[in-house]
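Here's the structure we're looking at; comments come further down.
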Amino acid sequence: MKKEDQSMASRQSTSTTDHPPTRRHFLKSAAAGGALIAGAPFISNAQAAKGKTWKVQSTWDAGTTGYALFEEWCNGFQEATGGELSIKPFGAKAVAADNNALFESVQTGVLDGMNPFTLYWAGKMPASVFLSSYPVGPDQPAQWDTMFYGLGLLEKVREIYAKFGLVYVGPIQHDANIIHSKKPVQSVADFQGLKLRVPGGMVSEVFQAFGASTVSLPGSDIFPALEKGTIDAADYVGPAVNWDLGFAQVTKYILFGPPGLMSVYQPVDLMDFTVNMRAWKSLSPLMQQMVEDRVKTYSVKHFVSIQKRNVEALVKFEKAGSIINRMSQDDLDQFRKAAIPIWFKWAKKDQAAAEVFKMQLDYMMNPIMGYVSAADIKGLSL
């Protein structure tokens, strides 16, 4: 069987099973999913000679729902652009072995672009903690789209990324993050002493304020850490991808926020599409606009597709014996009280972080949202 056929078979098997995927099954799927699918019609030699091919790595593991969507999107570029631009997709660790290597690979041009979770760059650019979901911040996808495309956030972010030789093309709506745990977690009091995987940065500090012992691990390392008992619980993405990763095998409980809110600590986790500055400038203005437009449409498709699969996956989790718990409104209020001083702490790390946060704070304090009052930030300043 060709690698291309193996990749398709592994994705079909992953998405249709009604049983928790085994670790062996997932690793087999991941290996097969790493194969590259052409996925576009034949173009003439003349067109191919004029065209560019970008190598782009995602932080999605091959074989997961997220990677299947990313791969499909990349494979559509050749046809959509008449062969002027093709994108060769790679799964997590396929070229760059870890997140730091991924960032540097795009900076240096080893890779032309990346599809990461924006929050991963908190150590390199503190402003990135405010470019994605953060504890009890803006919690609806439309609020983030409003900030990026209506209130000037995209232009500000591009200024920041340009200093690293990168172009932030646009955000990609993903999902909320939920917690899978080996022991019951029903309120903020249950975080005391919990060994918890989180992405780092501000999120870690808020959980630490409630007594959790936090560690940052890439998604592919979560399953073995839970299996070995190195951690008690893990924050990762939503039910669809977490089902693909086999979390039902190694955890019993799932924690959501109050009704209508999957998560209070990462309610709108954003990914993005970022490319090397030289690669971006090699495109014509018309092609640059096309890439931007395709990122916007992909963001909608990515979000909606994952929400649909979340609904399906949660049924599978419950059939596998997973127990769903929800945090209360009181828990949310306690989270916000603990988080606000930490917002300001991160905003003071550099000028760019302060400028991005100020834009968001003004929005959250506007009566349209009303998330934060003057009393909430009394004594705090930038």
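Quick check on the chain: helices-only [θ] at 222 nm, where DSSP H runs of length 4 and up contribute -39,500 (n - 2.57) each and the sum goes over total residues. Nearest 500, please.
-14000 deg cm²/dmol
Treating only the Cβ atoms of Lys and Arg (+1) and Asp and Glu (-1) as charged, compute the dipole magnitude of the chain about its Cα centre; round to the nearest 20 debye.
Dipole size: approximately 620 debye.
Place +1 on the Cβ of every Lys and Arg and -1 on the Cβ of every Asp and Glu in the chain, take the dipole about the Cα centre, and give the residue among S128, Y149, Y265 whose Cα lies farthest towards its positive end.
Farthest towards the positive end: S128.
Let's see if you can work this out: charge +1 on each Lys and Arg Cβ, -1 on each Asp and Glu Cβ, no other charges. What is the dipole magnitude of the stretch 255-351 about its Cα centre, in debye to the nearest 20?
240
For the chain, modelled as a Gaussian network with Cα springs under 10 Å, which listed residue fluctuates most, I231, I368, I342?
So, out of I231, I368, I342, the one fluctuating most is I368.
Quick check: residue separation of K252 and A142 times 0.36 nm, minus the Cα distance between them. What number comes out in nm?
Fully extending the segment from K252 to A142 adds 36.4 nm.
Stretch V304-A189 to full length: gain in nm at 0.36 nm per residue minus the Cα-Cα span?
Full extension of this stretch gives 38.1 nm more.
Who wins for biggest fluctuation among S263, S322, S58 in a Gaussian network model of the chain, springs between alpha carbons below 10 Å?
S322
Scan around L166 for amide H atoms under 5 Å from its own, H built in the peptide plane at 1.01 Å from N, and keep only partners 5 or more places away or cross-chain.
The list, which skips near neighbours in sequence, is M277.
For the stretch 224-289, what is the charge dipole size about the Cα centre, in debye to the nearest 20, if Lys and Arg each add +1 at the Cβ and Asp and Glu each add -1 at the Cβ?
I would put it at about 260 debye.
Which value results when the Cα radius of gyration for the chain is divided by 2.2 N^0.38 Å?
0.98
Can you give me the long-range amide H partners of D272? Hydrogens built in the peptide plane at 1.01 Å from N, cutoff under 5 Å, separation of 5 or more residues or another chain.
Under 5 Å from the amide H of D272: T118, I172.
Which of the DSSP-defined H helices in the chain satisfy a minimum axial length of 30 Å, computed from C-alpha atoms, and a minimum mean Kyte-Doolittle hydropathy of -1.0?
For the chain, where a helix must reach 30 Å along its axis and average at least -1.0, the hits are 285-319.
When ranked by the protection proxy of mean other Cβ atoms within 10 Å per residue, highest first, what sequence do the peptides 199-205, 299-305, 61-67 form?
61-67, 199-205, 299-305
Could you identify which residue out of V106, V206, V215 has the top mean-square fluctuation in a GNM of the chain using Cα springs shorter than 10 Å?
V215
Could you state the accessible area per residue of the chain in Å², with a 1.4 Å probe and every protein chain left in place?
Using a 1.4 Å probe on heavy atoms only, each residue of the chain averages 41 Å².
Which residues in the stretch 263-282 have a backbone N closer than 13 Å to a point placed 7 Å from the Cα of S216 along the Cα-to-Cβ line?
none
Nearest 0.05, what FRET efficiency do K378 and K124 give at R0 = 35 Å with Cβ-Cβ as r?
Calculated value: 0.60.
At a 1.4 Å probe, what is the % contribution of carbon and sulfur to the accessible area of the stretch 172-263?
49
Applying the Karplus parametrisation 6.51 cos²θ - 1.76 cosθ + 1.60 with θ = phi - 60° to the phi angles of the stretch 176-190, what ³J(HN,Hα) value in whole Hz is obtained for each residue in order, glycine and proline being reported as x?
Rounded to whole hertz, the list is 8, 9, 10, 9, 9, 9, 7, 10, x, 10, 10, 7, 4, 5, 6.
Given 0.36 nm per residue, what is the gain on full extension from D362 to Y149 after removing their alpha carbon distance, in nm?
Gain on stretching D362 to Y149: 75.1 nm.
The values are calculated or read from the model by the stated rules, or taken from the named source; none is laboratory data. Everything numeric here is computed off the predicted structure, so don't read it as measured data. Positions of Cβ are backbone-derived with ideal geometry, glycine not excepted, and every protein chain shown enters the neighbour counts. Only protein heavy atoms, including side chains, enter the accessible area calculation; ligands, DNA and RNA are left aside. Shrake-Rupley method; radii C 1.70, N 1.55, O 1.52, S 1.80 Å.
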